[in-house]
């Protein structure tokens with residue numbers, strides 16, 4: 001192939017809804033060097049990510065599928081990859097991998113697999129966990145390069161199925177989009193949150209992993225000790241109804257704004273003082289990095305990937321998962337000590353500027369693509 005030919009890379013992900021992995025794909029395709037690479041995106045469901053890619057002028061295709069190892073779509077995937085004359089296939093997440101692997105291998109294309117968090121997580125039935133470990137061992141074995149988004153991710157893989165061929169490239173933040181000095185819509189005015197409130201922000205799909213019930217319980221306790229606190233919960237998900245019921249049960253529903261799913265995350269963060277993520281586990285949480293980039297005081301759980309971004313009492317605060325009292329105490333402490341809050345906010349922003357800029361992440365991924373294209 002002539003050196004003037006651009007490398008066509010298929011970025012593929014399981015869904016068009018925007019979460020951490022989808023944000024990663026959007027940032028990656030936005031910042032890839034377009035003189036060298038032509039990204040194409042394949043998703044297995046429709047959603048806001050598809051519209052965002054269309055606005056960016058990135059070719060995108062949806063082949064509908066809601067399940068892993070969905071043999072019914074494999075041939076359509078293969079036809080699409082062949083028609084697009086793809087050189088490298090980059091899969092993001094387990095489900096996307098299981099539905100692209102056969103097509104990519106039958107076309108003799110190299111596969112890059114980014115693990116945004118393992119599918120064999122806490123809270124699974126032991127049999128389901130064993131099956132998922134076996135599936136991950138199989139698909140990581142078929143990839144030419146496995147990218148872990150945190151060292152914890154890599155260690156968990158090594159522990160689960162022995163050493164596997166992998167490198168660590170941590171997630172990065174698009175600092176043009178998440179710019180603390182930028183001008184944004186007044187979210188407080190939009191949701192009638194008084195200007196004197198100290199806003200705690202929770203932005204996540206309301207799922208078991210992101211533990212929204214602990215968030216509400218900790219907030220209720222914190223609010224009793226610091227009535228100036230207000231909670232803004234952004235996101236939908238299967239636990240949203242239960243979370244709203246819990247707020248009512250605890251008598252704090254009027255101190256919580258349930259904003260539903262929103263795409264204007266920089267504006268949401270701009271309105272907040274404190275960002276709280278009580279996850280039970282994380283690969284490497286882009287949401288935490290985005291909050292830090294926007295100069296927010298972070299309260300997060302001391303789990304695998306998160307602790308690689310947050311250093312306790314330096315650029316944020318770490319608490320144990322499901323520790324309602326611990327989270328509440330930290331929220332009260334931050335609400336009542338503006339100096340400490342400001343210090344954590346400043347350090348958080350500095351950390352992202354130095355270590356988690358999206359251009360560094362993209363540069364490392366481009367290096368992988370070049371190596372595979374040469375070999």
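Observations on the model:
- Taking all Cα pairs closer than 8 Å and separated by 6 or more residues, the relative contact order of the chain comes to 15 percent.
- Three-way shape label, segment 173-325, alpha-carbon gyration tensor, a/c 1.5: rounded
- In the chain, helices alone account for a calculated mean residue ellipticity at 222 nm of -13500 deg cm²/dmol, with every DSSP H run of four or more residues adding -39,500 (n - 2.57).
- Among 286, 193, the ranking by other beta carbons within 10 Å of each residue's beta carbon, starting with the fewest, stands as 193, 286.
- Residue ranges 99-112, 251-264, 296-309 sort as 296-309, 99-112, 251-264 when ordered by packing (mean number of other C-beta atoms within 10 Å per residue, highest first).
- Taking every Cα-Cα distance in the chain and sorting them into 10 Å bins from zero, the calculated P(r) comes out as 5, 24, 33, 24, 12, 3, 0 percent.
- Inter-centroid distance (Cα atoms) of segment 311-375 relative to segment 258-286, Å: 13
- Computed label-point distance, nm, for sites residue 364 and residue 107 using a 7 Å Cα→Cβ extension: 2.8
- From most to least packed by mean Cβ count within 10 Å, the peptides 122-128, 212-218, 331-337 give 212-218, 331-337, 122-128.
- Between helix 20-31 and the chain there is an angle of about 60 degrees, using the helix long axis and the longest principal axis of the Cα atoms.
- Ranked 197, 210, criterion: other C-beta atoms within 10 Å, fewest first: 197, 210
- For segment 187-228 versus segment 125-180, the gap between their alpha-carbon centres in whole angstrom: 31
- Global geometry of segment 207-246, whether rounded, prolate or oblate, following the gyration tensor of its Cα atoms and the 1.5 cut on a/c: prolate
- For segment 113-250, diffusion coefficient by Stokes-Einstein and Kirkwood Rh (Cα), 4 °C, 1.567 mPa s, µm²/s: 70
- Based on C-alpha pairs under 8 angstrom that are at least 6 apart in sequence, segment 187-355 has a relative contact order of 24 percent.
- Exposure proxy ranking, count of Cβ atoms within 10 Å, fewest first, for 356, 80: 80, 356
Bear in mind that the values in this text are calculations on the coordinates, not laboratory data. Being a predicted model, the structure only gives us computed values, none of them experimental. Heads up, the Cβs are rebuilt from the backbone with ideal geometry, glycines too, and the neighbour counts pull from every protein chain shown.
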